[in-house]
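Worksheet: the structure to be examined is printed underneath.
Just so you know, all these numbers are worked out from the coordinates, no wet-lab data involved. Given the structure is predicted, the values throughout are model-derived calculations rather than measurements. Quick reminder, even Gly has a Cβ in these numbers, built from the backbone with ideal geometry, and neighbours come from all protein chains shown.
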Amino acid sequence: MTRPRQTLRRRLMLVFAAFSLAISGVFALYALAFAYTTEDGFFAAQLADEAARQREFHRRHGDWSAPRTPGMRLYGDIAAMPTDLRSALREEPQRVEVAGSQGRHYHLATIGDADGAAKAWLVYEVSDRLVVRPVRSRWLWLLAITGLGMTLLSLIAGAWLSHRIATPLWRLSDTVARLRPDALPERLLQGDPDDEVGTLARGLDTMIGRIRAFIERERSFTRDASHELRTPLAVIRSAAERMARDPGLADTSREQLAHIHQSAAQLEQTLATLLAMAREQDAEPAESVPLLAVVERAIVEQSPLLGERAIALDMDLPADHRVHCPRSVLHILLSNLIGNAFAHATHGTIRIDLHGGRLRIANHGHTIPADLRDHLHEPHRKREGSAGFGLGLSIAQRLCERHGMTLVIEHDDDSGETRALLGFSRVETAT
């Protein structure tokens, strides 16, 4: 038996690993953002201090002074700025940070006097004062290694947790998959785990207990039915045999006794087949059965269903046609199908022949409602006004499914013809 795929464990481990990678990525993003923001804030604070000093100096002296911070320069005109900075500001005059050429990096601040008549630009070339960029590669490597390490730890934690969670589920599912109706265990899991798996196992234990009781009732019924039905059938058959040995018995009575004896024997065989179906056993092995002989026997047995109706019978079956199935099963099928045709035919001719490799039994009778045609094989589903119990086609369908045969019921609204098409798993021709 194939063990269930351990997809739950893999999914838990993948979820842990993906979550760890996501957390590591977010942490790395925030770490870099914090470092760059802090660095830029430091440069912006220096520019703000110098800008305030320059405005105060301009207010007092009417001119700008040289910046005190190394690397910081004051420009009164964009044209005097370095080429890389000048071109960037012409495209975006409001920029406060510019990545220049040859590794240079600028931070800018615009200053003006109180009247707005004078304007200048403070330019802070910070390429030799950058803290983040020189160590960025090392930080990224460190963050990557840390993320991989955390992912590995999360995989280990996920494997441990999934083992704790999924192992009882695997054991439970494996036990359920191996269950057989004749060997149901008292308990599916040893111990009494106080978790969701334990709750599920206890629920299944309760259901299995009910199934065990149901199976026991079914076995008792089939055993009792077998005993109670076989005994009177044996008595009928034995009495018919004794009466048939009476030399003074009239020929007509002897013929009727022969029918009684044959019907009792057939009923015993049918009972054995139905009981075997209930027990999921084969009543008898499959064999090569002449189809014509079984059809003729079913016709004779079901002929009383025709009564006084003027119904013709047209049978066209080759004598050498044989099918592979248990004889009693074939007899039950044909008795049901032919009996239905005899019971429901109202006029015309009943045809029994081969059509497309299948046995066809056709008769003209009452119209079958359209909403009932796809449900005729279900128990107790029958046409309104039918005198039967609606079980014949259900039994026939179950027998067909059990022995690899097919049964299709067709109805023609125009002609009123109903056709039963019985397909066999193997057909032979006698040589």
Suppose R0 equals 30 Å. What FRET efficiency, 1/(1 + (r/R0)^6) with r the Cβ-Cβ distance, do ALA234 and LEU306 give to the nearest 0.05? 0.50
Rounded to the nearest Å, what's the spacing between the alpha carbon centres of the range 1-78 and the range 394-419? Just the number, please. 79 Å
Return the FRET efficiency for the residue pair ASP77, THR37: r is the Cβ-Cβ distance, R0 is 41 Å, and the value is rounded to the nearest 0.05. 0.85
Which FRET efficiency value, to the nearest 0.05, do you get for GLU287 and SER263 by plugging their Cβ-Cβ distance into 1/(1 + (r/R0)^6) with R0 = 22 Å? 0.50
Rounded to the nearest Å, the spacing of the alpha-carbon centers of the range 82-102 and the range 108-178 is 30 Å
Hypothetical label at ARG104: residues of the range 54-79 whose amide nitrogen lies under 19 Å (7 Å Cα-Cβ projection): 67-79
So, with points 7 Å from each Cα along the Cβ direction, the THR175-SER65 label distance in nm works out to 8.8 nm
For every other residue with a beta carbon closer than 14 angstrom to the beta carbon of ALA234, add +1 if it is Lys or Arg and -1 if Asp or Glu, then tell me the sum. 0
Full extension from GLU417 to GLU92: what is 0.36 nm times the residue separation minus their Cα-Cα distance, to one decimal in nm? 108.0 nm
Stretched fully, the stretch from ARG245 through HIS347 gains (0.36 nm per residue minus C-alpha distance, one decimal, in nm) 32.6 nm
Amide N of the range 138-173 lying under 15 Å from the label point, which is placed 7 angstrom from the Cα of LEU21 along Cα→Cβ: 144-156
Please give the length that would be gained between VAL131 and ARG297 if that part of the chain were fully extended, namely 0.36 nm times their separation in residues minus their C-alpha to C-alpha distance (nm, one decimal). 49.4 nm
